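Q: First, the structure itself, so that you have it in front of you.
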Amino acid sequence: MKIVSQVIKKQVFRAMLIGGIVGLFGVAIFLGILQVSTQFSLKQDSEVASKDTEKETIPTTGGTANSSMFYASQAGVFSNYESASAFLAEYPTLKESAIVGVDGKYYIWTSIAIEESQLVFLEAPATFKKVFSVTSDSCKEATIAELPVVFADKNATKLKFKDNAKDSTLPPDWQTVGTAVSSISNDINIIRLHLFAHYQKNNACLQIKF
């Protein structure tokens, strides 16, 4: 009986040893699979983040019928209109500037140019370049849908208001608004800014993309 007891003990010990080895082997396999899965997930997240960064830093203008790219001289951006207005009032140098609202944020721009070399920057407050595109694909009114093209015209023929000639391809109040804007400045990039700010504020279909 003593011998049988010893044999049983040996078998039990051997079974426990084998079970422990199998268990460790199973844990090792599980950890290996988990590590590979984690690395794969991190790689996917990294690729998505990279794509998102590219979307944020590179303005997209292709693929739309009425889309144009512009350059603004920006003095600041604020979370509400009141803060932007207060900042504007602090600096006499911003008297010809305009506030442009985009997706709940309010940008103070001092001018809008169609070529980067045309931008003029201020020192107090310091301004910097802001690149953006304007699309009007969802505009149902033809005269509004055409505005990105009008603003992007290198000759700026329709941004000059010396005569009172009416143009049926432009909004009905174009001449009135343009004449008022021209009294602010004779700089074509400032005139473009105020015309753009006026029509963009009143026409949600004129969409700005950074």
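Q: Do we find that residue 187 is open to solvent by less than 70 Å² (accessible area, probe 1.4 Å), out of contact with any Phe, Trp or Tyr (no Cβ under 9 Å at 6 or more places or on another chain) and touching a residue at least 60 places away in the same chain (Cβ under 8 Å) in this structure? It would help to see each step written out before you state the result.
A: On the way: open to solvent by less than 70 Å² (accessible area, probe 1.4 Å): yes; out of contact with any Phe, Trp or Tyr (no Cβ under 9 Å at 6 or more places or on another chain): yes; touching a residue at least 60 places away in the same chain (Cβ under 8 Å): yes.
So residue 187 fits the description; yes.
Q: Sticking with this one: In segment 190-210, how many residues are surrounded by 18 or more Cβ atoms within 10 Å (Cβ to Cβ) and small (Gly, Ala, Ser)?
A: Residues that pass the stated criteria total 1.
Q: Would it be correct to say that residue 130 is open to solvent by less than 60 Å² (accessible area, probe 1.4 Å) and not in a helix (DSSP H, G or I)?
A: Details: open to solvent by less than 60 Å² (accessible area, probe 1.4 Å): yes; not in a helix (DSSP H, G or I): yes.
Yes: the conditions hold for residue 130.
Q: How about segment 133-148: which of its residues are under 21 Å from the mean Cα position of the chain (by Cα) and either open to solvent by 30 Å² or more (accessible area, probe 1.4 Å) or more than 22 Å from residue 169 (Cβ to Cβ) (or both)?
A: Matches in segment 133-148: 137, 138.
Q: For residues that are hydroxyl-bearing (Ser, Thr, Tyr), within 18 Å of residue 134 (Cβ to Cβ) and open to solvent by 50 Å² or more (accessible area, probe 1.4 Å), tally how many sit in segment 77-114.
A: Total meeting the criteria: 1.
Q: Shifting gears a bit: Go through segment 188-210 residue by residue and tally those that are out of contact with any Pro (no Cβ under 8 Å at 6 or more places or on another chain), of a type outside the set (A, V, I, L, M) and part of a helix (DSSP H, G or I).
A: Adding up the residues that qualify gives 8.
Q: Can you pull out every residue in segment 70-105 that is among the acidic types (Asp, Glu) and either more than 15 Å from the chain's Cα centre (by Cα) or assigned to a helix (DSSP H, G or I) (or both)?
A: Across segment 70-105, the qualifying residues are 82, 90, 96.
Q: Can you tell me how many residues within segment 107-126 are in contact with a helix residue (DSSP H, G or I) (Cβ under 9 Å, 6 or more places away or on another chain) and more than 22 Å from residue 68 (Cβ to Cβ)?
A: Residues meeting the conditions: 4.
Q: For segment 179-187, indicate whether the set of residues that are part of a strand (DSSP E or B) and at negative phi is non-empty.
A: For segment 179-187, residues part of a strand (DSSP E or B) and at negative phi: absent.
The values are calculated or read from the model by the stated rules, or taken from the named source; none is laboratory data. All figures in this text were calculated on a predicted structure; none of them were measured in a lab. Using ideal geometry, Cβ is built from the backbone for each residue, glycine included, and neighbour counts are taken over all protein chains shown. Calculation scope for accessible area: heavy atoms of the full protein, side chains included, ligands and nucleic acids excluded. Shrake-Rupley method; radii C 1.70, N 1.55, O 1.52, S 1.80 Å.
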